[in-house]
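Worksheet for the structure shown next.
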Amino acid sequence: MDKLELSYEDALIPKDQILETAEKLRPEIRNMRNAISRGYDDDRASINLPDDDEMLSTVKSVIEEKLTLEPEYLIVIGIGGSNLGTIAIQEAILGKLYNLLAPPIKVLYADTVDSSLIGNIIRIVEPTLRRDGNILLNVVSKSGITTETIADFRILLDLLRKYKKEYRDYIVATCNRDSKLWSLALNEGFTALEIPLKVGGRYSVFSPVGLFPLGLLGIRIEDLLKGAKEMREACIDMELERNPAAIIASIQFAHYKEGKNISDLFFFSTDLESMGKWCRQLIAESLGKEFSRDGRRVNVGITPTVSVGSTDLHSVAQLYLGGPYDKLISFISIRKPGPHLYVPRMDGYSDLVPGIDGRSLEEIMSAILEGTKEAFRKDKRPFIEVSLPDKSEGSIGQFMQLKMIETMYLGHLLNVNPFDQPDVEKYKRETRRILAGEETA
Ligand code: PA5
């Protein structure tokens, strides 16, 4: 498998300082290595998902069974960690315009309780149901009690029931075995897929959360896991210079200590925009914490932002190159070119933009990326570079595993728990209380 590459010559942190910081990660790397032998009985449980052959074979058999129904639409109902990873991988591999390319199964995402969004989803799929075509609902909620997910699920379930006597066959619930949703799924006769208890939402993309919908759409989920596993091995390497997660976490931490608390993920690939949203949640929810691991009020966090090249050079470049020195940029690019598209030679057009006649779009994009990096260099703005071999399952698996382990290492350096989200739970509890008509405590 071709490997993801990291370069950090322009990180503006001396290499010995990076390695000195990385030294602090040794105990956590050891914990990570030990976690591998502990299966799901550790907070770092998600790193063992790529080894779980039983889970993979269960997911694959459910996919096989549901494909026999010949669904025209898959609706993934979930929010946050329960859908961002799926969207990220689907768009990276199948493209942002996937649904418009006449695929055998189209995919829609119901996340928030926005009546326009859900109303439009109903408008899109109802004609299929009306002519007796099939749709699948995959409700994904680790806790099984997230307000938005359950509200949307009930509305879409109601729609399905109107048209299908055997509606149960068209529902897959992905949740925690201890959740109320799990019991309901079993009572109702829906297929249920398990999210291991210790695998947190934002670390769950390699569990049935991502594997079922992605496999159903034809994505090679074994290769995704293979990529993740290869990267995991690199990220637990005690030879720190060879450990990309330790290196990036150390660079980010060093900049954070100097007041650069914004991490911009600048993807030079339109299809990776949603990958940016997945990273954003991972970093924000894992590292933005009120209390340290030892209970002190610390209010730490790295603010993740997402940019897409070259689109956002026409939006944020002025700020990034002229504004405060408060960011570390990660330029993320793809090495293997996509379809070869060349700017045609045309009489009378050469003067508009000189130098692009006969050039491929990749060449132009790469000139833009090089130009951008040069501008950052000249202005002493720090950046690192991550290049993915291509947008295959293996490469995407490598990238996502890298970001997850890097985030865990940053949690260690910042001395916060990267696996909980107590303040998200606050809003969830308050919402449930308001909807239940209860008084505030
Ligand atoms: O990463 C997380 O834990 C959260 O973002 C959750 O995924 C999100 O809040 C949805 O929760 P649930 O999967 O329980 O519906």
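The values are calculated or read from the model by the stated rules, or taken from the named source; none is laboratory data. Because the structure is a prediction, the values reported are computed rather than measured. Cβ placement follows ideal geometry from the backbone for every residue including glycine, while neighbour counts extend to all protein chains displayed.
Quick look at the values:
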item: Segment 97-151: number of residues that are over 19 Å from Gly81 (Cβ atoms) and of a type in the set (Ser, Thr, Tyr); result: 4
item: Filter result for Gly301 (within 21 Å of Arg381 (Cβ to Cβ) and of a type outside the set (D, E, K, R)); result: no
item: Residue that is farthest from the ligand (Cβ to nearest atom), among those in segment 49-79 that are surrounded by 22 or more Cβ atoms within 10 Å (Cβ to Cβ) and under 19 Å from Lys277 (Cα atoms); result: Val76
item: The one condition in (1) over 26 Å from Leu6 (Cβ atoms); (2) in contact with a Lys or Arg (Cβ under 7 Å, 6 or more places away or on another chain); (3) part of a helix (DSSP H, G or I) that Tyr320 fails to fulfil; result: (1)
item: Leu197, sole failed condition from (1) within 13 Å of the ligand (Cβ to nearest atom); (2) crowded, with 20+ Cβ neighbours inside 10 Å; result: (2)
item: Matching option when the condition is among the hydrophobic types (A, V, I, L, M, F, W, C), within 16 Å of the ligand (Cβ to nearest atom), under 20 Å from Arg232 (Cα atoms) and assigned to a helix (DSSP H, G or I), among Ile29, Ile89, Ile36; result: Ile89
item: Top-ranked residue in segment 421-441 [being farther than 24 Å from Ile283 by Cβ and among the acidic types (Asp, Glu); ranked as surrounded by the fewest Cβ atoms within 10 Å (Cβ to Cβ)]; result: Glu439
item: Extreme residue, surrounded by the most Cβ atoms within 10 Å (Cβ to Cβ), among residues of segment 158-194 that are part of a helix (DSSP H, G or I) and aliphatic (A, V, I, L, M); result: Leu181
item: Selected residue (criterion: farthest from Leu369 (Cα to Cα)) from residues of segment 379-437 that are β-branched (Val, Ile, Thr) and modelled with pLDDT of 95 or more; result: Val416
item: Failed item in (1) within 28 Å of Thr311 (Cβ to Cβ); (2) over 18 Å from the mean Cα position of the chain (by Cα); (3) part of a helix (DSSP H, G or I), with Lys260 passing the rest; result: (3)
item: Test set (1) within 23 Å of the chain's Cα centre (by Cα); (2) farther than 17 Å from Phe266 by Cα - Glu363 fails condition number; result: (1)
